[in-house]
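*Asks:* To start, I am sharing the structure in question, which I have written as structure tokens.
The values are calculated or read from the model by the stated rules, or taken from the named source; none is laboratory data. Nothing here was measured: the structure is a model prediction, and the numbers come from that model. FYI the Cβ positions are ideal-geometry reconstructions off the backbone, even for glycines, and counts take in every protein chain you see. Quick note on the areas: whole protein, heavy atoms, side chains included, nothing else; ligands and nucleic acids left out. Shrake-Rupley method; radii C 1.70, N 1.55, O 1.52, S 1.80 Å.
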Amino acid sequence: MNILDNLSKGITLPNLAATKALAIELAKELPVNHTIALTGNLGAGKTTFVQFLVKALGINQPVTSPTFNILNLYEGERMIAHIDAYRLKSSEDMDGLMLDDILNSPYCIIVEWANLVKEWFPADTLHLNLSIDTNEVRLIKKI
């Protein structure tokens, strides 16, 4: 069974080591120009997961949340566009970022707060939800 099958059932992430291990496994299976849409409440671990995933995709520079500038680009072994849609009001706001070149290039696009711009995504987008239970254990699931 591959990681995507496991994500369909949901994977418990009891600690940072488990989150990092999942990111490494997912990075091995992601096509070069895939889009990932992340949803989850504040504090669910979206940015932490992205940091581990981007590192696993071969980026050696610090990965920070693009909450205020909305888009960070990283280049290394892979090219990554990291978008935080928290401040966007609709999918039309994504069009204002002029992402056409990125969509038609070998960039892997990772979007946090994807539920705010849900109409924007290509059909083959990997949609993941992160949640946290009362014991501070995270769950990530393909939706």
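*Asks:* Any chance you could count how many residues in the stretch 1-17 are under 19 Å from GLU29 (Cβ atoms), open to solvent by 30 Å² or more (accessible area, probe 1.4 Å) and either of a type in the set (A, V, I, L, M, F, W, C) or at pLDDT 95 or above (or both)?
*Replies:* Residues flagged as under 19 Å from GLU29 (Cβ atoms), open to solvent by 30 Å² or more (accessible area, probe 1.4 Å) and either of a type in the set (A, V, I, L, M, F, W, C) or at pLDDT 95 or above (or both) within the stretch 1-17 amount to 3.
*Asks:* Among the residues in the stretch 43-51, are any part of a helix (DSSP H, G or I) and either among the hydroxyl-bearing types (Ser, Thr, Tyr) or touching a Lys or Arg at 6+ places or on another chain (Cβ under 7 Å) (or both)?
*Replies:* Yes, there is a match, as at least one residue in the stretch 43-51 is part of a helix (DSSP H, G or I) and either among the hydroxyl-bearing types (Ser, Thr, Tyr) or touching a Lys or Arg at 6+ places or on another chain (Cβ under 7 Å) (or both).
*Asks:* Given SER91, SER105, which one is among the hydroxyl-bearing types (Ser, Thr, Tyr), at pLDDT below 90 and touching a helix residue (DSSP H, G or I) at 6+ places or on another chain (Cβ under 9 Å)?
*Replies:* After ruling out the rest, the residue left standing is SER91.
*Asks:* All but one of (1) open to solvent by 50 Å² or more (accessible area, probe 1.4 Å); (2) over 19 Å from ASN33 (Cβ atoms) hold for ASP124; state the number of the condition that does not hold.
*Replies:* (2)
*Asks:* Now for a separate question. Looking at the structure I just gave you, is ILE110 in contact with a His (Cβ under 9 Å, 6 or more places away or on another chain) and either assigned to a strand (DSSP E or B) or open to solvent by 40 Å² or more (accessible area, probe 1.4 Å) (or both)?
*Replies:* Taking the combined requirement at face value, the residue satisfies it.
*Asks:* From the list GLU77, GLU29, GLU92, pick out the single residue that is under 16 Å from the mean Cα position of the chain (by Cα), exposed (fewer than 14 other Cβ atoms within 10 Å of the Cβ), of a type in the set (Asp, Glu) and farther than 24 Å from GLU136 by Cα.
*Replies:* None of the other options fit; the residue is GLU29.
*Asks:* If ILE24 satisfies all but one of (1) of a type in the set (A, V, I, L, M); (2) open to solvent by less than 50 Å² (accessible area, probe 1.4 Å); (3) over 15 Å from ASN129 (Cα atoms), what's the number of the condition it fails?
*Replies:* (2)
*Asks:* Could I ask something else about it? Any chance the stretch 130-139 includes a residue that's among the basic types (Lys, Arg) and either assigned to a loop (DSSP other than H, G, I, E, B) or open to solvent by less than 20 Å² (accessible area, probe 1.4 Å) (or both)?
*Replies:* no
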